[in-house]
C-alpha cells in the first residue's frame, strides 16, 4: 500500500515520526510512505532539523509555500498537494492535527477521491473563532479513517453524526472511527528514554525550574494578554526560576506590544532564563527536568501530562479536557491572578494521579493495522 503523509508544521513532523517509525520497524513490507512537506513553517530551527533528529525520512516533496493569509496559504498548498497526489497516485493520504496544511490536504485528496486518514480526529475546543477548530472539523468530515486519541474526541465524533459501526472497507460515505490512544504518547515514551542518556547542552538542565512556552497569536498579538502573561511570569520569578524558550513570533512581538523597556526588564531578570527555541529532544529533556510547565501549546499540555508534570494552560479552553477534569492542569487563560495563584498551588501541591487516558504507547501500530485492513 502506498500512502502520502502531509506535514507542514513542527508538531506534525513530530507526530509523523511515530507512524514512520512503526512502518519502518513493523510494516515495511506492506506500507510504502512518501512524505510531503508543505513548507507552512520553513525556519530551519522550527522545521527541517526535526526530520533528522526524529529519525524520519526527508520529504520527497517540499512545496515551500511559506507564510501568507489563510486563504492564500491554503490555496497554494491545495494546488501543490493535488499535483503531488496526481503524480504519486497513493491509496490514501495521512493528515495530522488542525493546521492549514491539514485542511489543504483534506480538500485536495477528497476532491479527487483519495481516502483521507485523519490522526487526532474528534478534538474540539468548541470555539469557531479559532482557525484550527474550522480546520479539524472540515478534515474530519472529509475523512475515511478517523483516529481519535481520547474518548472525549471519539464521543465528539458520535455527537456530530459519525457511526460507531465499523466497515471492512471504509469509504468517505461510510467512515470508520477509532479511539486508539495518542500517537504523541508513543513518541514521548520513545524519546524520553533516549534523552536520559544525552549529555547536558545548557547549564539550565538538571536544576529546579518552571518551563514556559508562549507562541499562539491570540497571546502574542494582543498587548493586554501578552502584558498580563509576562507580568505573571515576572511575579512568579520572585519565588521560582523560569526557563523560557522564546518562539520567533513571541520574540518579534514582545517589543512591539510591550515596548523595549519592558523587554530589557525581562532580560535583566536573573531568575528568568530566556533561551532560543530548542529541538524536540531538548524540549523533552526540559519537560522531564521541570517542576511545572506553563504553556499555550496544545502539544506541550499533553507532554506535561505524559511526563507527570502539572500544567498551567494559557488559553481560555483546551481540547484535552481530561487533564483539566482530573486536576493535572488548570486553565488560566491570560488572567494574571489565576496564573500566579495556580502556579503557586501546583508547586506546593503537585498532582499525584495521572491515569492512562492516552493509550498504551502503541497507537501508531494500531493505526497501521487498520489502514491495511480498511483502505
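The values are calculated or read from the model by the stated rules, or taken from the named source; none is laboratory data. This one's a predicted model, so the numbers in the text were calculated from it and none came from an experiment. We place every Cβ from the backbone using ideal geometry, glycine too, and count neighbours over all the protein chains shown.
Residues satisfying the criterion are present in the stretch 36-46 (criterion: modelled with pLDDT of 95 or more, within 28 Å of residue 169 (Cα to Cα) and in the same structural domain as residue 145 (by TED's automatic domain parsing)).
So that you can scan it fast, the table gives a plain yes or no per residue for (1) assigned to a strand (DSSP E or B); (2) within 21 Å of residue 16 (Cα to Cα):
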residue	(1), (2)
58	no, yes
64	no, yes
76	no, no
86	no, no
94	yes, yes
103	no, yes
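Inside the stretch 265-340, counting only strands (runs of 3 or more DSSP E) that do not spill past its ends, which hold 1 or more residues that are outside the structural domain of residue 241 (by TED's automatic domain parsing) and over 20 Å from residue 232 (Cα atoms)?
By residue number, no strands (runs of 3 or more DSSP E) qualify.
Here residue 136 clears all of (1) crowded, with 18+ Cβ neighbours inside 10 Å; (2) in a loop (DSSP other than H, G, I, E, B) except the condition numbered (2). Only residues that are at pLDDT 95 or above and outside any helix (DSSP H, G or I) were counted across the stretch 247-264, and they come to 1.
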